[in-house]
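Undergrad: Take this structure, written in structure tokens, and hold onto it; I'll ask about it next.
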Amino acid sequence: MPDTLLISTEALQGLLDALIAKGYQPVGPRLERGAIVYETLSAASDLPRGYLDEQGGGHYRLSKADPSSPETAGIFRYAVGPQSWKGFLFPSRQSLWRARRTETGFAFEPETDDAPAYAFLGARPCELAAMRIQDRVFQEGPYVDRGYAERRARAFVVAVNCTRAGGTCFCASMGTGPRAEDGFDLCLTELLDADDHAFLVEIGSASGRALMELVRHRTATPEEIERGRRAITDAAEQMGRRMPPDAAAILASNPEHPRWDQVAQRCLSCANCTLVCPTCFCSRVEDTTSLDGVEAARHRQWDSCFTLDFSYIHGGPVRRETAARYRHWITHKLSTWHAQFGTSGCTGCGRCITWCPVGIDITEEVAAIQATERAEPLGDE
Amino acid sequence: MASRRPKLAVWKFSSCDGCQLSLLACEDELLAIADAVEIAYFLEASRAEVAGPYDISLVEGSITTPQEAERIRRVRAQSRMLITIGACATTGGIQALKNLRPLDDLVRAVYAHPEYIDSLATSTPVLDHVRVDFELHGCPINKYQLLEVLSATLNGRRPNVPTYSQCIECKLSGTVCVMVSQGKACLGPVTQAGCGNLCPTCDRGCFGCFGPVETANTQALSARLKALGMDQRELQHYYRLFTNNAPAFREASETHD
């Protein structure tokens, strides 16, 4: 079997059937209340067709493509929505253990993970990059998060290259897209024009190759491969935003920049940016008890560095001011993450820009600091 | 040796009773509550009264009359742990709208016989009158949060009642943001979590029933709501709902006079 195949749009159902036959639970984009979200797929017809997204700072709208344009048949012509695969690999709320009082003390019952083997259909290149970043956090350091590692190892990834950029995308400047280089079992590129609609399929792993044995396909021609390449290049050229290449150094050398107070005037400290971020990994742990004190349980749930509780130590929170919290988040994401994990924590997906209710733009904040870091030196105060 | 069950009292001040009903609405857990505590004073559930002092007092309602201002001090004196429940007890409630106008004008406008009315000029939270050990927000309160506060209190631990924004609750449960995806007005970013993101799951913006979040930047949100099409008056009314007297919302509404 060659490395690049071609399947028809009808064969997407065959792909889903093959995944289900192999014991996977397919999850992918679905339309829910005006947005693309990731949910269980039972048939290829569940995939939204003919939808285009419009994204900007604090703004997201889906619209139906013009019925007379080829876009009306498109299946992956929107960029990422509010959710990411993080919700499946690192669930927003998890039970860690339960305990029951006994005559002599407590009996602990560890939670068993009953999550299925997921097949992620439609993971974009920036999302593969996010999974690699979270792999470093959760399973490549000295302490392995067993649940994450198990869910990750079981998952099958069908990536989709981007052939249209979203309004807040900047993956090209982060080196994470719009083409997926690795980190997938299969990778689709949607070929869409007036008289042809099909998908290129790149094989990324042995299990990807085995799966394609079950799906009707043919070898892709060099012309088809070239069409796919051009469509991805178009997406790269559409991106209106870019992250300054030396963001890490800019932030590291400007802890007292006046821009922090300016962004704090606009920042709601609501935590949306951290929760939609596909790499933010912070969690809080809560213990609960039954009324009679006989049973106890420990849960873990997503947390955010924008809450006061997050930095609470004896005497109160360390980062009381919003300026300090915003600075902490963006500096960790783009600068100190390198020292901690060897990569940037940002993939250029643009979610923090779109889903910030007031549209604060991570690229604009870095650029603003860069533009003024030497022009306005700080006084002695 | 059987240890004595803690005595629980439930007190009502100026309120609609909805929050104490949340205790009765704990249907599945009600027997467990009755096992864990002695329900000593709870007129909505039983006419039987056991004299104080009480280990835990749940206080619903705001202070709007001279008699209430006096009675809350007696409740405090008889209570080891005093927990206020609901928007009225924690902020003054919807009735705190009266704080915005001269009392006499309101009384004359509303009552046929104003001379029968003996009311304070303001509706205020319990905390303005006596020491409070814990405040549980909401209009009405969330029964799971009430159970958590009772369970934590009985087991000597800190309750898991978050003070972060409603947005976190929406994101944890996968609710798509109605402000970003539909342009709807929403107080979620400045409102404390706890209701179970009821309104956003019904395609409506948050009304701020749980009061201001720990660090509410109402100015930034107001600027955004104006950009989405709200005028000064609508914005003012938006902050003047069930928790209008909470300082952050009161100040926000005053800037849109």
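Undergrad: Only residues that are part of a loop (DSSP other than H, G, I, E, B) and basic (Lys, Arg): list them for segment B:130-144, please.
TA: Passing the criteria: only B:Arg131.
Undergrad: Scan segment A:53-72 for residues that are within 14 Å of chain B (Cβ to nearest Cβ) and part of a strand (DSSP E or B) and jot them down.
TA: Within segment A:53-72, A:Asp53, A:Glu54, A:Gln55, A:Gly56, A:His59, A:Tyr60, A:Arg61, A:Leu62, A:Ser63 qualify.
Undergrad: Give me the residue from segment A:274-290 that is surrounded by 23 or more Cβ atoms within 10 Å (Cβ to Cβ) and within 10 Å of chain B (Cβ to nearest Cβ) and, out of that set, farthest from B:Pro6 (Cα to Cα).
TA: A:Val276
Undergrad: Here's another thing I want to ask about it. When the residues of segment A:309-321 are narrowed to those that are surrounded by 17 or more Cβ atoms within 10 Å (Cβ to Cβ) and touching a Phe, Trp or Tyr at 6+ places or on another chain (Cβ under 8 Å), which ends up farthest from A:Ala249 (Cα to Cα)? Walk me through how you get there before you give the answer.
TA: Of segment A:309-321, the ones surrounded by 17 or more Cβ atoms within 10 Å (Cβ to Cβ) are A:310, A:317, A:319.
Okay, now just the ones that are also touching a Phe, Trp or Tyr at 6+ places or on another chain (Cβ under 8 Å), so A:317, A:319.
On the way: A:Pro317: 27, A:Arg319: 22 Å.
Applying the filter and picking the extreme gives A:Pro317.
Undergrad: Of all residues in segment B:204-237, how many are facing chain A (nearest Cβ under 10 Å), in a loop (DSSP other than H, G, I, E, B) and touching a Cys at 6+ places or on another chain (Cβ under 9 Å)? Don't jump to the end; show me each part of the working.
TA: Let us first name the residues in segment B:204-237 that are facing chain A (nearest Cβ under 10 Å), namely B:213-221, B:223-225, B:227-228.
Checking which are in a loop (DSSP other than H, G, I, E, B) leaves us with B:213-217, B:228.
Of the ones still in play, those that are also touching a Cys at 6+ places or on another chain (Cβ under 9 Å) are B:213, B:217.
Result for segment B:204-237: 2.
Undergrad: A:Ala371 - would you say it is in a helix (DSSP H, G or I), farther than 30 Å from A:Ala236 by Cβ and of a type in the set (A, V, I, L, M)?
TA: No; evaluated as a whole, the condition is false for this residue.
Undergrad: So which strands (runs of 3 or more DSSP E) stay within segment A:99-165 end to end and still have 1 or more residues that are touching a Cys at 6+ places or on another chain (Cβ under 6 Å)?
TA: Filter on segment A:99-165 gives A:156-160.
Undergrad: May I pose another question? With respect to A:Gly122, is the statement that it is among the small types (Gly, Ala, Ser) and either in contact with an Asp or Glu (Cβ under 7 Å, 6 or more places away or on another chain) or on the phi < 0 side of the Ramachandran plot (or both) true?
TA: no
Undergrad: Would you check if there is a residue in segment A:311-334 being within 13 Å of chain B (Cβ to nearest Cβ) and of a type in the set (Val, Ile, Thr)?
TA: The answer is yes, given that some residue of segment A:311-334 is within 13 Å of chain B (Cβ to nearest Cβ) and of a type in the set (Val, Ile, Thr).
Undergrad: For B:Glu169, state whether it is crowded, with 23+ Cβ neighbours inside 10 Å, within 14 Å of chain A (Cβ to nearest Cβ) and acidic (Asp, Glu). Quick ask: steps written out before the conclusion?
TA: On the way: crowded, with 23+ Cβ neighbours inside 10 Å: yes; within 14 Å of chain A (Cβ to nearest Cβ): yes; acidic (Asp, Glu): yes.
Yes.
Undergrad: If I ask for residues that are away from chain B (no Cβ under 14 Å) and free of Cβ contacts under 8 Å to residues at least 40 places away in the same chain, which ones from segment A:18-43 would you list?
TA: Passing the criteria: A:Ile20, A:Ser42, A:Ala43.
Undergrad: So how many residues does segment B:50-70 have that are free of Cβ contacts under 8 Å to residues at least 60 places away in the same chain and in a helix (DSSP H, G or I)?
TA: 4
Undergrad: So which of A:Pro110, A:Pro116 ends up being touching a strand residue (DSSP E or B) at 6+ places or on another chain (Cβ under 7 Å) and either in contact (Cβ under 8 Å) with a residue 60 or more places away in the chain or under 30 Å from A:Leu211 (Cβ atoms) (or both)? Give the steps one after another, and end with the answer.
TA: Values: A:Pro110 fails: either in contact (Cβ under 8 Å) with a residue 60 or more places away in the chain or under 30 Å from A:Leu211 (Cβ atoms) (or both).
Exactly one residue qualifies, and that residue is A:Pro116.
Undergrad: Could you list, in sequence order, all residues of segment B:22-44 that are in a helix (DSSP H, G or I), surrounded by fewer than 16 Cβ atoms within 10 Å (Cβ to Cβ) and under 18 Å from the mean Cα position of the chain (by Cα)?
TA: Of everything in segment B:22-44, just one residue is in a helix (DSSP H, G or I), surrounded by fewer than 16 Cβ atoms within 10 Å (Cβ to Cβ) and under 18 Å from the mean Cα position of the chain (by Cα), namely B:Leu24.
Undergrad: Here is a further query. Can you find a residue in segment A:247-262 that is hydrophobic (A, V, I, L, M, F, W, C) and assigned to a loop (DSSP other than H, G, I, E, B)?
TA: No, that holds for no residue.
Undergrad: Let me ask you something else. When only residues in segment B:145-162 that are farther than 19 Å from A:Arg300 by Cβ and in a loop (DSSP other than H, G, I, E, B) count, which is farthest from the other protein chains (Cβ to nearest Cβ)?
TA: Applying the filter and picking the extreme gives B:Gly156.
Undergrad: Same structure, new question: Which of (1) assigned to a loop (DSSP other than H, G, I, E, B); (2) within 21 Å of A:Val358 (Cβ to Cβ); (3) among the small types (Gly, Ala, Ser); (4) within 11 Å of another protein chain (Cβ to nearest Cβ) is the odd one out, the single condition A:Gly240 does not satisfy?
TA: That leaves (4) as the condition not met.
Undergrad: Within the group A:Val366, A:Val358, A:Val318, A:Val294, which residue is closer than 26 Å to B:Val178 by Cβ and over 20 Å from the mean Cα position of the chain (by Cα)?
TA: Of A:Val366, A:Val358, A:Val318, A:Val294, the one residue that is closer than 26 Å to B:Val178 by Cβ and over 20 Å from the mean Cα position of the chain (by Cα) is A:Val358.
The numbers here are math on the coordinates, done by the rules we state, and not lab data. Just so it is clear, the model here is predicted, and its values are computed rather than measured. Backbone-built Cβ (ideal geometry, glycine too); neighbour counts: all protein chains shown.
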